[in-house]
C-alpha cells in the first residue's frame, strides 16, 4: 500500500482491521504480572491520595483537559515516580510518527517515557493517553494509544512489548501490546481510594519493568 501523506484520524476498529490487530480483554501473563504490583505508601502519600480522591469525586465530571491534567494527573505521575533520568526522558504532548506497513501514522501522546537526549525521543517505552472529559462524546483515546504503539514498534524494531495507560475521566485502563496483540485491563475508578492506590502501584511497577526488560 502506498504511503499516505494526509494525516488520518483513526478509530480503534479501523486500526484493528487495517493492521490485523487483536484486542485481548483477559489478562495475558505480562498484563497480570503488571496488575499484581504492590507498593507501600508513607503517611504523607496516603493523605495526598485521599485528598486527590475526594477532589476528583467532587469535580471530575466537569473538569476539562487542563483541569484534569493539573489537578489530578500531574500528582499521580509524581506519586508514581515517573521521572526523567540521564538517559530516560519524559515527554509531554510529544508528536511521533512512522510509516507502518506502508501507511503513514502520526499522533501526539499526552505523556511518554522514552530513551532520549534532551528533547529528542529515540525509543518509546510507555504511552499515556488521557481524554478531556468523562462525558465528552468525541474522540477515541484508545485508538490514539494503539496508534502510538504501532508507531513505537516501527521506531524501536526490537520486538519488545509496549506499555501504556488510557484515561477517560475517572476511568483508567492499562494496556500491554505484544506484536499484533494488545491486552486491555479491567477498569480502575480513580475516585475510589483503593483503586487509586493500585493505579499508582501499577505505574510504579513500570519502572522495574523498564529497567530490567525493555532497555537494551
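Values computed for the structure shown
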read-out: Which listed residue, of 23, 115, is touching a strand residue (DSSP E or B) at 6+ places or on another chain (Cβ under 7 Å), modelled with pLDDT of 95 or more and either exposed (fewer than 12 other Cβ atoms within 10 Å of the Cβ) or in a strand (DSSP E or B) (or both); value: 23
read-out: Unique match (being within 16 Å of residue 148 (Cβ to Cβ) and assigned to a helix (DSSP H, G or I)) among 79, 15, 30; value: 15
read-out: Of all residues making up the range 68-78, the number that are surrounded by 14 or more Cβ atoms within 10 Å (Cβ to Cβ) and over 16 Å from the mean Cα position of the chain (by Cα); value: 1
read-out: Unique match (being closer than 25 Å to residue 177 by Cα and in contact (Cβ under 8 Å) with a residue 24 or more places away in the chain) among 12, 45, 65; value: 12
read-out: Residue within the range 80-101 that is out of contact with any strand residue (DSSP E or B) (no Cβ under 8 Å at 6 or more places or on another chain), at pLDDT 95 or above and surrounded by fewer than 15 Cβ atoms within 10 Å (Cβ to Cβ) present; value: yes
read-out: Residues satisfying the stated conditions in the range 39-66, i.e. under 23 Å from residue 129 (Cα atoms) and within 21 Å of the chain's Cα centre (by Cα); value: 49, 52, 53, 56, 60, 61, 63, 64, 65, 66
read-out: Subset of the range 33-48 (residues that are in a helix (DSSP H, G or I) and over 19 Å from residue 173 (Cβ atoms)); value: 43, 44, 45, 46, 47, 48
read-out: Given (1) out of contact with any strand residue (DSSP E or B) (no Cβ under 9 Å at 6 or more places or on another chain); (2) on the phi > 0 side of the Ramachandran plot, index of the condition residue 44 fails; value: (2)
read-out: Exclusive hit being farther than 30 Å from residue 157 by Cα and out of contact with any helix residue (DSSP H, G or I) (no Cβ under 9 Å at 6 or more places or on another chain), set 94, 69; value: 69
read-out: Failed criterion for residue 51 (all others in (1) modelled with pLDDT of 90 or more; (2) in contact with a helix residue (DSSP H, G or I) (Cβ under 8 Å, 6 or more places away or on another chain); (3) in a helix (DSSP H, G or I) hold); value: (2)
read-out: Single condition residue 105 does not satisfy, out of (1) surrounded by 20 or more Cβ atoms within 10 Å (Cβ to Cβ); (2) over 16 Å from the mean Cα position of the chain (by Cα); (3) not in a strand (DSSP E or B); value: (3)
read-out: Positions within the range 29-67 being under 18 Å from residue 164 (Cα atoms) and surrounded by 12 or more Cβ atoms within 10 Å (Cβ to Cβ), in sequence order; value: 30, 31, 32, 33, 34, 35, 36, 37
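The values are calculated or read from the model by the stated rules, or taken from the named source; none is laboratory data. This structure is a prediction, so every number in the text was calculated from the model and none was measured. Note: ideal-geometry Cβ built from the backbone for every residue, glycine included; neighbour counts use all protein chains shown.
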